[in-house]
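A.B. asks: Input: one structure, supplied below.
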Amino acid sequence: MYSAKHKENLKIYSQFKFNIENSKSQIPFFFNLFLYPVYFFSVSKLTWNKTLYKSIEFLKGRWEDLSMFKKVYFGFLTFIALLFYFLYLFLVRSFNSIILSINTYTTLGFGDIPVAGLSRYIVILEGFLGWFLLSVFSVSLISQILQS
């Protein structure tokens, strides 16, 4: 966001904006009517994001200039954030696996989760197993009902 490349792009954009504003007679009315709100929204979003990023930036300056305590503190915060992120990924993937397994076992379908590779064949076997066990359960239940 603060690199020289972005500053160069902003200069090019500023020059483009200057050229557009000076040649309003050549721009169709449609563009001024409908694209100005899009431009205004983009600029306000950029301004808001820039303000937000500056307000939540907790690591100001260079890493080499920080004290040892701040380095350890920020390293620990980064480790905790990564730990929570990986825990979240593990929980989401485990939950998706359980949903896929239950869906395949009970309805013989893959559901909404795309399956590829080795897990696709495991899911197919699980579907056959579910079909077989549900059939056995249905037959035994009907048999018990008829015997009573």
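A.B. asks: What is the helix-to-structure angle for 29-56, meaning the angle in degrees between its Cα long axis and the longest Cα principal axis of the chain, kept from 0 to 90 and rounded to the nearest 10?
C.D. replies: Tilt relative to the chain: about 80 degrees.
A.B. asks: Neighbouring Cβ atoms within 10 Å as the yardstick, rank R120, R62 fewest first.
C.D. replies: With the sparsest Cβ surroundings first, the list reads R62, R120.
A.B. asks: Given Y121, F132, F90, which one lies farthest toward the positive end of the charge dipole of the chain, if we put +1 on the Cβ of every Lys and Arg and -1 on the Cβ of every Asp and Glu?
C.D. replies: F90
A.B. asks: So how strong a dipole does the chain carry about its Cα centre when Lys and Arg Cβ are +1 and Asp and Glu Cβ are -1, to the nearest 20 debye?
C.D. replies: 800 debye
A.B. asks: Next question. Calculate for the chain the 222 nm mean residue ellipticity that helices alone would give, adding -39,500 (n - 2.57) per DSSP H run of length 4 or more and normalising by residue count, nearest 500 deg cm²/dmol.
C.D. replies: For the chain, the value works out to -28500 deg cm²/dmol.
A.B. asks: Return the distance in nm (one decimal) between the two label points of a simple spin-label model at F69 and I98, each offset 7 Å from Cα along Cα→Cβ.
C.D. replies: Calculated label separation equals 4.3 nm.
A.B. asks: Taking a ≥ b ≥ c as the square roots of the Cα gyration tensor eigenvalues, with a/c under 1.5 meaning rounded and otherwise prolate when a/b beats b/c, else oblate, which class fits the chain?
C.D. replies: It comes out oblate by the Cα gyration axes.
A.B. asks: Could I ask something else about it? For T51, T104, what's the fewest-to-most ordering of other Cβ within 10 Å of each Cβ?
C.D. replies: The order, fewest Cβ neighbours first, is T51, T104.
The numbers here are math on the coordinates, done by the rules we state, and not lab data. The shown structure was predicted, so the numbers you read here are calculated from the model rather than taken from an experiment. Neighbour counts run over all protein chains shown; Cβ positions are idealised from the backbone, glycine included.
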